[in-house]
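Worksheet: one structure, shown below.
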Amino acid sequence: MEKIKWGIIGPGSIANNFADGLTSSYSGQLVGIASKNDERRKSFGDKYQIHEDFRFDSYDDIINSEHIDAIYISTPHTLHAEWTIKAAGKGKHVLCEKPGAVNYTEGQKVIDAVNEAGVFYMEGFMYRCHPQIPKLIELIKNKTIGEIVSIESSFGFDMGKTIPEHRLFSKDLAGGGILDVGLYPISFSRLIAGAASNEKFLEPEFVNVESKIGETEVDEIAHANIKFKNGIEAKVSTAIRESMKNNAIIKGTDGTIELPDPWMPGRDGGPYHAKIIIRKNHKEEIIDLKGPEHLFFFEAELASQSIAKEKTQSPYPAMTWDDTLGNLKALDQWRAKINFKLPQDKI
């Protein structure tokens, strides 16, 4: 089988992770890079041995290249929807870093565009492609800890200080915790609540929230208590100015399941090592999931395989189009609750 040829727009740190994952992919290969920064384009191109002819200084040039099948987008958040729509319009398949758009309205335009173009599209929640998630869903559906009662998850880190020029502190670049890493606990809670009811996901209702809006007017710390129609309650937490546990604990009527590292189960990209800890009847069982693969191998391979099989979406539990839209709607609600509005919300 001929490999899917990938081009990357925006060679930041996460693009390096994706490129590392592609290196061992059976179904995809990296052939092109687009960056407006000469130094970054050269260093990235050299690192991944990209031919000089495919080191583009224009995003338009890479999506117009007939030698590239699919585009991985890892620009700042506010460019995700624009370049997904443009790439799809050129017949390119797209894997776009999260968030796929900065709000639901923008997200719907993305889905309409990829649907009309008939191309593959997936929002890049790498953890959803990782082996620990199907295993976790299996445990939930088998009622290993009985009926699910609650979920608590967090993803937060401390930048140390407010850096006004940094994208995370820029309202114009859709900064703040919720849209950078808060979308992980939200997507996780929706997934697990859904699995408990034999559905792919459920949508939350926000009960109460608390937050700290910083001097640059973005959410620096945010917490929310949410509930689902099946009675499951969840607490989600995120931050760019507070280090958090960055774990997930699911409580059931018969015990608990903990994922110590749900978002990045393997330091420095790999080899991966994920643990699922089950506590019930005063006993602890640890399910070890280990492998030589790079963390981003699973996402790169799944996307490449899906494209090769002429699918427009990746299979559950990876992010489907409806899942992406549901997540964006929940993020809109969370932001509205803490009165964090973006310029794009007025459109």
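Using only alpha carbons, the range 209-347 has a radius of gyration to Kirkwood radius ratio (Rg to Rh) of 1.01.
Taking the Cα centre of the chain as the origin and placing charges on Cβ (Lys, Arg +1; Asp, Glu -1), which of TYR121, ASN64, TRP321 is farthest toward the positive end of the dipole? It is TRP321, whose Cα lies furthest towards the positive end. As a rough footprinting exposure proxy, the listed residues HIS130, HIS282 were ranked by other beta carbons within 10 Å of their own, and the order from fewest upward is HIS282, HIS130. Could you state the angle between the C-alpha long axis of helix 13-23 and the longest principal axis of the C-alpha atoms of the chain, as a value from 0 to 90 degrees rounded to the nearest 10? The angle comes out at about 80 degrees. Net charge of the neighbourhood of SER25, taken over other residues with C-beta under 15 Å away and scored Lys/Arg +1, Asp/Glu -1, is -3. Legend: ranking of residues TRP6, TRP321, TRP83 from fewest to most surrounding C-beta atoms inside 10 Å; resulting order TRP321, TRP83, TRP6.
Placing +1 on the Cβ of every Lys and Arg and -1 on the Cβ of every Asp and Glu, with no other charges, gives the range 186-264 a dipole of roughly 260 debye about its Cα centre.
Remark on the range 42-90: hydrodynamic radius 11.8 angstrom, per the Kirkwood mean of 1/r across alpha carbon pairs.
Between GLY255, GLY160, GLY291, the Gaussian network model of the chain with springs among Cα atoms under 10 angstrom shows the greatest mean-square fluctuation at GLY160.
Which of the peptides 166-176, 306-316 is most tightly packed, and how do the rest follow, judged by the mean count of other Cβ atoms within 10 Å per residue?
166-176, 306-316
Charging the Cβ of each Asp and Glu at -1 and of each Lys and Arg at +1, and nothing else, the dipole of the range 115-179 about its Cα centre rounds to 160 debye.
Convex hull volume of the Cα atoms of the chain, normalised per residue: 132 Å³. All distinct Cα pairs of the range 88-172 go into the 1/r average, and the inverse of that average, the Kirkwood radius, is 16.7 Å.
Here is the P(r) of the range 145-238: all C-alpha pair distances, binned every 10 Å from 0, give 17, 43, 25, 13, 2 in whole percents. Under 1.5 on a/c is rounded, so check that first for the range 79-127, then, if it is not, pick prolate when a/b is larger than b/c and oblate when it is not; a ≥ b ≥ c are the square roots of the alpha carbon gyration tensor eigenvalues. Here the range 79-127 falls in the oblate category. Across the options PRO11, PHE155, PHE169, the greatest Cα extent toward the positive end of the charge dipole of the chain (unit charges at beta carbon of Lys, Arg, Asp, Glu) belongs to PHE155. Simple point charges give the picture: +1 on the Cβ of Lys and Arg, -1 on the Cβ of Asp and Glu, and for the range 302-347 a dipole about the Cα centre of about 200 debye. Helices in the chain, meaning DSSP H runs of at least 4 residues, each add -39500 (n - 2.57). Divided by all residues, the mean residue ellipticity at 222 nm is -9000 deg cm²/dmol. Between the residues ILE257, GLY146, ALA239, the greatest Cα displacement towards the positive end of the dipole of the chain, with unit charges on the Cβ of Lys, Arg, Asp and Glu, is found for GLY146.
The overall shape of the range 248-322, judged from the alpha-carbon gyration tensor, is oblate: a/c is not under 1.5, and a/b is no greater than b/c. Of all DSSP beta bridges in the chain, what percent run antiparallel (nearest 5)? Roughly 60 percent of the beta bridges in the chain run antiparallel, per DSSP. The orientation-averaged projected area of the convex hull spanned by the Cα atoms of the range 1-157 comes to 11.8 nm².
Read-outs: derived from the displayed coordinates by stated rules, not from any lab. Owing to the predicted nature of the structure, the values given are computational and were not obtained by experimental measurement. Neighbour counts are summed over all protein chains in view; Cβ atoms, including those assigned to glycine, are modelled from backbone coordinates with ideal geometry.
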